[in-house]
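Below is one structure, written out as structure tokens; comments come after it.
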Amino acid sequence: MKNKQGKGSTVRHPSRLAFITGVLSVNSRAVGFIEDMKSDEDVMIETPNLRTALNRDEVEVETLQGKVRGRRTGRVVRIITRAKVRFVGTIEERGTKLMLVPDDFRMYAPIVIPRPPKEAQKGYKALVEIKEWKTGTEPTGDIIKVIGKKGEHEVEMESIVLERGFESTFPREVEAEAERIAEEAKKLITETGSPISADEIKKRRDFRETTLFTIDPASAKDFDDALSFKKLENGRYEIGIHIADVSHYVREGTSLDKEASERGTSVYLVDRTIPMLPHALSNDLCSLNPDVDRLAFSALFEMDDKGHVYTRWFGKGVIHSQKRFTYESAQESIGTNGELSTELQTLNAIAKKLRAEKTKQGAIDFEQDEVGFELDGKGSPTRVFKKKRLDTHKLVEEFMLLANREVAHYFYQAWKKSGGKAAFIYRTHDEPNQEKLEQLRIFVRALGHELPIRNDGSVTGKDLQMLFSAIDGHASETLIKTAAIRSMAKAIYSTSNIGHFGLAFEYYTHFTSPIRRYPDLLVHRSLFAILENHKVDPQKLAQLERMASDATKREISASEAERESIKLKQVEYMEKRIGQEFDGMISGVTEWGIYVEDKETRSEGMVKLRDLTDDYYVLDEQNYAVVGERTKKKYTLGSKIRFKVVGADIERKTLDYKLV
């Protein structure tokens, strides 16, 4: 089975040695890998041969003669591009030196700090930038920021954010620019009663008298989207998806725009949001708050009760939200004939039709349980729970998908009409790789199920639907869905439209969240340029493709930060329950241990094979099990077990379990 490694291209130098260029992958044991595209196999780079190269660096590798443990080996000869030079870690004293031991265990060398500031103390966490690192020497760097004492909640959360390249605060000029815009709006409110000038309102379609509301999480501070509803005389409905018109306030080339582009996205941790835009905009002027006029970019559809779209209209509008629903309060209104219940019930019925049609076309439902946390005043988790998914979650999701799909389709038509000169960012999802599908098929079969793969080695969304239907409610459902997600291509941003495999949409983009996603802001600008018949700069397409690639990378970093914060709080929660027993399921097997996931909190820990004292256990890789050599006792992937928490390592974010 191949490792998930960086891909590279292979060339032959005159000396006949193979040189591979690509992205390096380094594991926690400081061993690197790069994929040789010509032979379609990984080349291993042992620690001495990394020559200061780090995880995700773009490198040139020279392959070496002979093999180590059956693997081809190589040596880094050139670092083309560094993926990162800033690392968060803990300050330690080693002899007379102060060093930063990085949190990222794939960064295999501690960083010497030759000029530490006074506040840099042993046991404190800091952000350090590498300034010099030559082969055969220790890396040296400067402290950019001392975060605080290791182990404290605020320090650990800030560490996660900084490690992924995000900042909790904004540069002064960016904050000042946002505040100037907000002050101008406040001045208008004082003069006219509205934050929007009369001249601006005249340029827009006025939805302020239309029934319009938002539905968001109870904890939400920024409201990207609102829904409007009107019953028409012909028996159909006019349904509007109104999105915050961020592009009106965040103009190209400004400090605000540059900062938003660099961040790419808001970051959602277990206890906070690191916004893409300053609060003056994200929580106030751009947010579609109730009982106040707001600017919107609107998508309006004439629909029937079966979800069929007859007409569509896109354009700038002005709205006035009459109600701020939470998902729970909207659900209650649907069930009890509460406020706006007729509108909500109709929208809910149409959303179900849209969802059914999407499923019919082959959309894949990867829905899994998500965990939430209740924290005490010090940020310590007192409760971990599974988040409930209500009909109102699905209602909002379906209408956002509708708007995203229709905007992408509209733009694709405009692109064809322009002869391919228009520039736009799509949200694409490629078909899965055949080799990964075969690995998934073997995995699924080991758990007692079947993934139907076609003669050409492909699967359709409907094939995966059949599998998910068969495992619904089964103990291994979460395992198989997680494995299926990992076997899929990743959704990315791109200027080339290849459709969205997972949603079974031929055209798809992100239009509905410009407060928290930079690509949505770019989509708004592109759509407005088409609507206004603006000339498109020929250089725009290349610029947008670079922005799309950058946005994909930032999205990945934000997702990693979110997962890291969840893992941290799961470990903290279980640390207080050492000695207690729980029900779980075997979620992974390796040659050194069994991974077990707790049923309620989804906290994953390891049972080391050396702690299974009743026999000597070995990995049966083919059947995803560990087997006792003498007793033939098996611990198989997906099996339900009872376990005890015996250890927790907050620093490494790992848990140790013992089978009961």
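The values are calculated or read from the model by the stated rules, or taken from the named source; none is laboratory data. Only a predicted model underlies this, so the values are computations on that prediction, with no experimental measurement involved. Glycine gets a Cβ as well: all are built from the backbone with ideal geometry, and neighbour counts include every protein chain shown.
Structural remarks
- Note on the stretch 281-292: residues that are surrounded by fewer than 21 Cβ atoms within 10 Å (Cβ to Cβ), farther than 13 Å from A220 by Cα and touching a helix residue (DSSP H, G or I) at 6+ places or on another chain (Cβ under 9 Å) amount to 1.
- Some residue of the stretch 616-623 being of a type in the set (A, V, I, L, M, F, W, C) and assigned by TED's automatic domain parsing to the domain that holds R517: no
- Here is the figure for the stretch 506-528: residues that are under 16 Å from K258 (Cα atoms) and either among the basic types (K, R) or in a loop (DSSP other than H, G, I, E, B) (or both) total 5.
- Test: L503 is touching a Leu at 6+ places or on another chain (Cβ under 6 Å) and outside any helix (DSSP H, G or I): no
- Some residue of the stretch 298-309 being more than 30 Å from T192 (Cβ to Cβ) and among the hydroxyl-bearing types (S, T, Y): no
- The strands (runs of 3 or more DSSP E) found wholly in the stretch 361-475 and carrying at least 1 residues that are within 30 Å of I350 (Cβ to Cβ) and touching a Gly at 6+ places or on another chain (Cβ under 8 Å) occupy 381-386, 426-428.
- Among the residues of this structure, S341 counts as one that is over 27 Å from the mean Cα position of the chain (by Cα), surrounded by fewer than 17 Cβ atoms within 10 Å (Cβ to Cβ) and not assigned by TED's automatic domain parsing to the domain that holds A484.
- For the stretch 212-230, the criterion of being more than 31 Å from the chain's Cα centre (by Cα) and closer than 29 Å to F314 by Cα is met by at least one residue.
- Residue in the stretch 630-644 that is without any contact (Cβ under 8 Å) to a residue 12 or more places away in the chain, surrounded by fewer than 20 Cβ atoms within 10 Å (Cβ to Cβ), assigned by TED's automatic domain parsing to the domain that holds V589 and β-branched (V, I, T) present: no
- Cross-chain or 6+ apart pairs with Cβ under 9 Å, the stretch 357-383 first and farther than 25 Å from R272 by Cα, then of a type in the set (D, E, K, R) and part of a loop (DSSP other than H, G, I, E, B): E357/K306; T359/D365
- Boolean, V292 is touching a strand residue (DSSP E or B) at 6+ places or on another chain (Cβ under 9 Å) and either modelled with pLDDT under 95 or hydroxyl-bearing (S, T, Y) (or both): no
- Condition check for K131: under 26 Å from D550 (Cα atoms) and in a strand (DSSP E or B): yes
- When L541 is tested against (1) surrounded by fewer than 20 Cβ atoms within 10 Å (Cβ to Cβ); (2) over 23 Å from R263 (Cα atoms), only condition (2) is not met.
- Set side by side, the residues I566, I650 differ, and just one is in the same structural domain as R441 (by TED's automatic domain parsing), surrounded by 13 or more Cβ atoms within 10 Å (Cβ to Cβ) and β-branched (V, I, T), which is I566.
- Qualifying residue in the stretch 84-96 (condition: surrounded by 18 or more Cβ atoms within 10 Å (Cβ to Cβ), in contact with a Phe, Trp or Tyr (Cβ under 6 Å, 6 or more places away or on another chain) and over 24 Å from I45 (Cα atoms)): yes
- Evaluating V128 against the criteria (1) touching a strand residue (DSSP E or B) at 6+ places or on another chain (Cβ under 7 Å); (2) buried (at least 17 other Cβ atoms within 10 Å of the Cβ); (3) over 23 Å from V267 (Cβ atoms); (4) not acidic (D, E) leaves one unmet condition, (3).
- Taken over the stretch 467-485, the residue count meeting the criterion of being within 22 Å of A356 (Cα to Cα) and either exposed (fewer than 15 other Cβ atoms within 10 Å of the Cβ) or of a type in the set (S, T, N, Q) (or both) is 4.
- Residue pairs whose Cβ atoms lie under 9 Å apart, separated by 6 or more positions or on different chains, with the first residue in the stretch 425-439 and assigned by TED's automatic domain parsing to the domain that holds T552 and without any contact (Cβ under 8 Å) to a residue 12 or more places away in the chain and the second buried (at least 16 other Cβ atoms within 10 Å of the Cβ) and not β-branched (V, I, T), do not occur.
- Test result for I594, at pLDDT 95 or above, closer than 24 Å to E651 by Cα and in the same structural domain as H510 (by TED's automatic domain parsing): no
- Residues considered: I530, I492. Of these, the only one that is modelled with pLDDT of 90 or more and either farther than 30 Å from S418 by Cα or within 26 Å of the chain's Cα centre (by Cα) (or both) is I492.
Residue-wise test of (1) among the aliphatic types (A, V, I, L, M); (2) in contact with a helix residue (DSSP H, G or I) (Cβ under 7 Å, 6 or more places away or on another chain).
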site	(1), (2)
E183	no, no
K186	no, no
I189	yes, no
S194	no, yes
I201	yes, no
F207	no, no
T211	no, yes
S228	no, no
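- Search result, residues across the stretch 143-188 that are of a type in the set (D, E, K, R), more than 26 Å from A280 (Cβ to Cβ) and within 22 Å of the chain's Cα centre (by Cα): E156, E163
- Filtering the stretch 97-116 to residues that are touching a residue at least 40 places away in the same chain (Cβ under 8 Å) and buried (at least 20 other Cβ atoms within 10 Å of the Cβ) leaves L100, D103, M107.
- Condition check for T512: closer than 30 Å to K640 by Cα and either in contact (Cβ under 8 Å) with a residue 60 or more places away in the chain or in contact with a strand residue (DSSP E or B) (Cβ under 8 Å, 6 or more places away or on another chain) (or both): no
- 1 or more residues within 26 Å of M547 (Cα to Cα): qualifying helices (runs of 4 or more DSSP H) within the stretch 238-355: 246-249, 255-263
- Matching strands (runs of 3 or more DSSP E) fully within the stretch 137-232 where at least 3 residues are in the same structural domain as N289 (by TED's automatic domain parsing) and surrounded by 18 or more Cβ atoms within 10 Å (Cβ to Cβ): 211-216, 225-231
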